[in-house]
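The values are calculated or read from the model by the stated rules, or taken from the named source; none is laboratory data. These numbers were taken from a predicted model, which means no experiment stands behind them. Quick reminder, even Gly has a Cβ in these numbers, built from the backbone with ideal geometry, and neighbours come from all protein chains shown. For the accessible areas, the whole protein counts, side chains as well, though only heavy atoms, and no ligand, DNA or RNA atoms are used. Shrake-Rupley method; radii C 1.70, N 1.55, O 1.52, S 1.80 Å.
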Amino acid sequence: MFESLSAKLQGAFSSLRSKGRLKSGDIDEIATEIRSALLDSDVSLSVVELFIEQLKSRTNEVLEDLNKSTNPANAVFEIVNSLLIEILGGSARRIRFAKKPPTVILLTGLQGAGKTSLAGKLAKYLKDQGNTPLLVASDLQRPNAVTQLQVVGESIGVPVFAPEPGNGVGDPVKVAKNGLTFAQDKLHNIVIVDTAGRLGIDAELMTQAKRIRDAISPDEVLYVVDAMVGQDAVRTAQAFQEGVGFDAIVLTKLDGDARGGAALSITQVTGKPIMFAATGEKVTDFDLFYPDRMASRILGLGDIQTLAEQTKGAFDSETAAKLETKFASGEDFTLDDFLAQLEAMKKMGSMTKLLGMLPGMNSGANSGAMKKQLEQFDEGELVKTQSIVQSMTPLERHDPKVLNGSRRSRIANGSGRQVSDVNSLVERFSQAQKVMKQMRTGKGGMQMPRGMTGMPTMPNMPKVSAPQNKKKSRSGNPAKRALES
Ligand code: GDP
């Protein structure tokens, strides 16, 4: 998402940067370019107009001062960054917990928006933070919604209150009410109620949502929006806001390739913040929504914070600590450590998604080739590689130098692979080991970023060239400067 917007904005700024001192006409020019980039990305006209008006007034007000700075274009970039953060809602909004538990969260939205999947994602997220959520199956309309919630609940170890079979049978208001009583009895501190949607906003949907809301007085009503739908999603959200009301928005399917207009318009149009974002079908493809990180990605600065958090989160704390100590003490990185990293990589999910968080990877000259190579990266390779390492003895994992021909063929047989696969793994592993050494010693200009020693090395990754960073000068933009340092 946002790829085309990101590319256009970066293009506009690269021509502004070539200008040096800025005149009012230059501001008008970049404002026009940004305006058309936002409109092309399907951002609401009212939001675009407001954005451009603010951009012009804020920039022209300080034009003289801007021109005193070493890089006036970067000062404009910073203004655009802060405007983007503002239209995305300012700061991250957290759940308001009830003073007296349970905290009741009601999920609403159109059918297919991703409510039921989101119920599971949210429950897992809250459970991982030490809460004891209960899921309540009040979507009794959509075929299989109840079963789907039961399956997801089981997979994450969260109980599901589902007294009715659904598929058109049962009273959703009664289920929601009884679910709340059940949660109070069983001392669950959070209740997440999944409700039915329709294919479009209609009177029946509104009435049912209102009845459930009035029956359980939720602490948070979340409106779930499929970000792929574009302007239509914004219009229906507005109608739902007027008819029923909600406290915050959840954007789903941000992993899709839609233009991103809904995400950029919805907060301004409805006056409600985006609280969470879902970026895939797995229960872990979910996080709080951070307007500043999203703005940073749109402007091509990447999202290093999320990347570092996900990398850290994928390792259990014991493995992460062990790897950090090992790394710091200068011990060799072994195939056992590599195995732990493969496990973590499987947990972290798609490589394309992870690398999209690096600066310059969402668009720009290198991104196309990079993406192509990543698409060729077969995640199934991880499993194959894992089986090879698992067929090795502890000695072989610790010291791959002992791997002579007969050992290699035994391993190939044991893992159901070819000897050439074993050879290739060992060869790539020793390259990775060298890279780890260089990072530790800082040789070859490489240094492991702080807090990212748990970052997996990727012996079976295709070779990719890093983006060219031609400019050595310090950036005038604090966000970018922080990334540079
Ligand atoms: P509901 O009708 O609102 O309950 O929608 P579901 O939870 O059943 O989701 C509809 C479809 O969207 C399912 O196939 C989900 O797997 C898929 N889905 C939900 N969230 C995401 C997401 O963030 N990314 C992607 N790619 N698919 C999603």
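The protection proxy used here, the mean number of other Cβ atoms lying within 10 Å of each residue, ranks peptides 134-140, 66-72, 144-150 as follows, highest first: 134-140, 144-150, 66-72. Ignoring ligands, DNA and RNA, what percent of the 1.4 Å accessible area of segment 103-298 is carbon and sulfur? After summing per-atom areas, the C and S share lands at 48 percent. For segment 3-87, the dipole from Cβ point charges (+1 on Lys and Arg, -1 on Asp and Glu) about the Cα centre works out to 360 debye, to the nearest 20. Over the Cα atoms of segment 3-87, the radius of gyration divided by the Kirkwood radius equals 0.94; this is the Rg/Rh ratio.
Heavy-atom accessible area with a 1.4 Å probe sorts VAL283, VAL169, largest first, into VAL169, VAL283.
With the convex hull of its Cα atoms as the shape, segment 196-282 has an orientation-averaged projected area of 5.7 nm². Within the accessible area of segment 3-87, the carbon and sulfur atoms contribute 51%, probe 1.4 Å, all protein chains present. In plain terms, if you count all Cα to Cα distances in segment 131-170 and split them into 10 Å steps from zero, the share in each step is 35, 51, 14, 0 percent. Peptides 74-83, 13-22 ranked from most to least packed, by the mean per-residue count of other Cβ atoms within 10 Å: 74-83, 13-22. Computed with a 1.4 Å probe over protein heavy atoms only, the accessible surface of segment 3-87 comes to 46 Å² per residue. For ASP287, the accessible area of its heavy atoms, probed at 1.4 Å with every protein chain present, is near 40 square angstrom. Based on protein heavy atoms only, segment 103-298 ends up with 38 Å² per residue of surface accessible to a 1.4 Å probe.
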